[in-house]
1. Given the pairs LYS203/LYS230; LYS203/LYS237; LYS214/LYS237; LYS112/LYS214; LYS132/LYS214, which are separated by over 21 angstrom at their Cα positions?
2. Consider just the alpha-carbon atoms of the chain and return their Rg together with their Dmax, both in angstrom.
3. Based on other C-beta atoms within 10 Å, arrange ARG53, ARG79 from fewest to most.
4. Which value results for Rg/Rh of the stretch 18-174 when Rg is the Cα radius of gyration and Rh the Kirkwood radius based on the inverse mean 1/r?
5. State the dimensionless ratio Rg/Rh of the stretch 184-266 (Rg: radius of gyration of Cα atoms; Rh: Kirkwood radius).
6. Taking θ as phi - 60°, what are the ³J(HN,Hα) couplings along the stretch 40-54 by the Karplus curve (6.51, -1.76, 1.60), each to the nearest whole Hz, with x for Gly and Pro?
7. What aspartates and glutamates sit close enough to LYS60 to cross-link, taking a C-alpha to C-alpha distance under 19 Å and skipping anything fewer than 8 places away on the same chain?
8. Considering only DSSP beta bridges with both partners in the stretch 203-275, what is the antiparallel share in %, to the nearest 5?
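What follows draws every value from the coordinates through simple rules; no lab data is involved. Note that this is a predicted model, so its numbers are computed, not measured. Quick reminder, even Gly has a Cβ in these numbers, built from the backbone with ideal geometry, and neighbours come from all protein chains shown.
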Amino acid sequence: MNAQESARDEFDGLVEKLRAEGVQVEVLEDTHVPHTPDSIFPNNWISMHQDGRVALYPMKAENRRLERRTDIFEELQSRGYEVTTTVDYTAAEQKELFLEGTGSMVLDHDSKIAYMARSQRADEGLFHAFCKDFNYEPVVFTAYQETPDGIGQIYHTNVMMCVTDAYVLVCLDTIHDANERALVEEAILKSGKEILVISVEQKSNFAGNMLLVKGAADELILVMSSSAYKALNEDQKDFITQHHRILHSDLHTIETLGGGSARCMLAEIYLTKTA
């Protein structure tokens, strides 16, 4: 089995597990042309909101811009979702400014707080524009990780942070500035949520790349990869299961070759379902 077939099996396996738990999953089949090898990560180019608005985002990699589907609105409407307006930030690409959706931003929908780690893929000006347009309180910081060239900025906030309804899972050690680390902690606690700290090593095993979803009977399920699950210690697992059930799936090929994990594969639909 080649890598593409393995990745497809991992994708299908996650979809099957989610649907088995009553999670409503909408799968959009990719097109052969243009070639978009990273289209398995849709959350970087689109977000869908409760008020019917759909936001489109500017992406740094030129080949990833081809992932934006011009038929997405018709497709969503054909599946019974109410789409009212498009908020399009993609013109910023002409100025070499980028904001890669809910990869660059981690949104607390309950408290209307938006967290963003600065990077080449996360422009602060665009972030503040988004927060103004969608009424979020911005929390900006810089997070770091080891790269082949030494210490560098974390490229996406969602690799080190996950917001749920009860707690925020976060790798605080990636935030080197003490004032910014305190700012993030204060924002989380102010929102009424607990802090679940993960280590840099756990973050490197995709333990920050999780997403809370709704299953059958509105049960809340925390979705993660099997590598992320294995990286957690028993105390962390116990903490999570006090609030949510855990669903994990093997995404080794996707993580190794694509650099993203479970959360990156899921673009939440908050749009109203009319049919």
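1. LYS132/LYS214
2. 17.7, 51
3. Listed from fewest to most nearby Cβ atoms, that is ARG79, ARG53.
4. That ratio is 0.96, to two decimals.
5. Radius of gyration over Kirkwood radius for the stretch 184-266 works out to 0.98.
6. Each residue of the stretch 40-54 in turn: 5, 10, x, 5, 7, 10, 8, 9, 10, 10, 4, 7, x, 7, 10 Hz.
7. ASP38, ASP88, GLU93, GLU96, GLU100, ASP123, GLU124
8. 45
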